[in-house]
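**Q** Before we start, here is the structure in question, set down as structure tokens.
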Amino acid sequence: GDIGPEAGMPVMEGKCALFKEFADVDAFPICIRSKDVDELVRTIYLISGSFGGINLEDISAPRCFEIERRLKELCDIPVFHDDQHGTAVVVAAALLNALKVVKKSIGGVRIVISAGSAGTAIAGHLASLGAKDIVMVDRFGILSRTDASLSPAHSELAKRTNPGLLVGGLSDAMRDADVFIGVSAPGIVSKEMVASMNKDAIVFPMANPTPEIMPDEAKEAGARIVGTGRSDYPNQINNVLAFPGIFRGALDCRAVCINEEMKAAASTALADFIPECELNEENIIPSALDKTVAYSVAAAVAEAARRSGAARA
């Protein structure tokens, strides 16, 4: 919640410890006492020359979108909102491997995503990897370009999703879907919703600490593969698998940004970390505690930066 900079500092210090522990990246926690977009952008830009990259953390939507966009325009170092893009990278890796297990292609499945800052980034990232049928749902229902009441941000998102022009609520979206990705609120998915999905359904309820549906309930309802953000269930989808390696790779090649090619490379490297012969319903993503993961991700990210022209070294 909105706890202020002092109370938020321990979390930011923890994030810095993860950067150091998993990728030997020196990070410094800076908490700013402002919610004003202009003040935040100006403050971060003014100190950006002291750093090799900026990881934005715990900035609420919709401010996070504009802050990131403006800082990317102003700064010549990577600017990365982990809540959005780190989540998207790890979710994509888990989904790529889950699809291998159920023998489906990313371009041939219907993916339902709960909306919000992370949901929006996940949708964009999956689309860049080949997903063609993505349905976004917020607390008011399915986002559709036929709905004239949508906000400008949601209207733009609706133009790029829901090709079947579905209407209704979450239960309508999940009927005959192949994948559900939840980054929203606890307990909003019922067993009946999961049971209405296609055979070999993939369900990623990632609200923390209480997911949209508990993994055992999702399995009972017919889901074949379940992944959550929790460490006490198989297939923990955790951002620590992404952000340390992404920044290590970006810093190693002195990248000017973290672009789509670099994020795609991170997702692919994460997915490929598990040999196909070892993939199964409860092993689709590396362990969040595996300290070798970050360096595989870093190498892939640095190579993608060089190929795409984002690297300076």
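The rows are residues; the columns are (1) open to solvent by less than 10 Å² (accessible area, probe 1.4 Å); (2) farther than 23 Å from residue 53 by Cα.
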position	(1), (2)
228	yes, yes
241	yes, no
277	no, yes
281	no, yes
291	no, no
297	yes, no
301	yes, no
307	no, no
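**Q** Could you grab the pairs with beta carbons closer than 8 Å, sequence gap of 6+ or different chains, first residue in segment 1-18 and charged (D, E, K, R) and open to solvent by less than 60 Å² (accessible area, probe 1.4 Å), second one at pLDDT 95 or above and part of a loop (DSSP other than H, G, I, E, B)?
**A** Close Cβ pairs satisfying both conditions: 15/27; 15/29.
**Q** Right, here's the next one. Regarding residue 192, is this residue among the acidic types (Asp, Glu) and buried (at least 19 other Cβ atoms within 10 Å of the Cβ)?
**A** When the stated conditions are applied, residue 192 does not pass them.
**Q** Then there is this: Return only the number of the condition from (1) surrounded by 22 or more Cβ atoms within 10 Å (Cβ to Cβ); (2) assigned to a helix (DSSP H, G or I) that residue 111 does not satisfy.
**A** (2)
**Q** Would you point out which residue out of 61, 92, 98 is under 17 Å from the mean Cα position of the chain (by Cα), at pLDDT below 95 and not charged (D, E, K, R)?
**A** 61
Yes or no, residue by residue, for (1) of a type in the set (D, E, K, R); (2) modelled with pLDDT of 95 or more; (3) on the phi > 0 side of the Ramachandran plot:
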site: 172; (1), (2), (3): yes, yes, no
site: 175; (1), (2), (3): yes, yes, no
site: 186; (1), (2), (3): no, no, no
site: 197; (1), (2), (3): no, yes, no
site: 206; (1), (2), (3): no, no, no
site: 209; (1), (2), (3): no, no, no
site: 214; (1), (2), (3): no, yes, no
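**Q** Among the listed residues 178, 133, 83, identify the single one that is over 16 Å from the mean Cα position of the chain (by Cα) and open to solvent by 30 Å² or more (accessible area, probe 1.4 Å). Quick ask: steps written out before the conclusion?
**A** On the way: 178 fails: open to solvent by 30 Å² or more (accessible area, probe 1.4 Å); 83 fails: over 16 Å from the mean Cα position of the chain (by Cα).
The conditions single out 133.
The values are calculated or read from the model by the stated rules, or taken from the named source; none is laboratory data. In this text the structure is predicted, and so the values were computed from the model without any measurement. Quick reminder, even Gly has a Cβ in these numbers, built from the backbone with ideal geometry, and neighbours come from all protein chains shown. Accessible surface areas use protein heavy atoms only, side chains included; no ligands, DNA or RNA. Shrake-Rupley method; radii C 1.70, N 1.55, O 1.52, S 1.80 Å.
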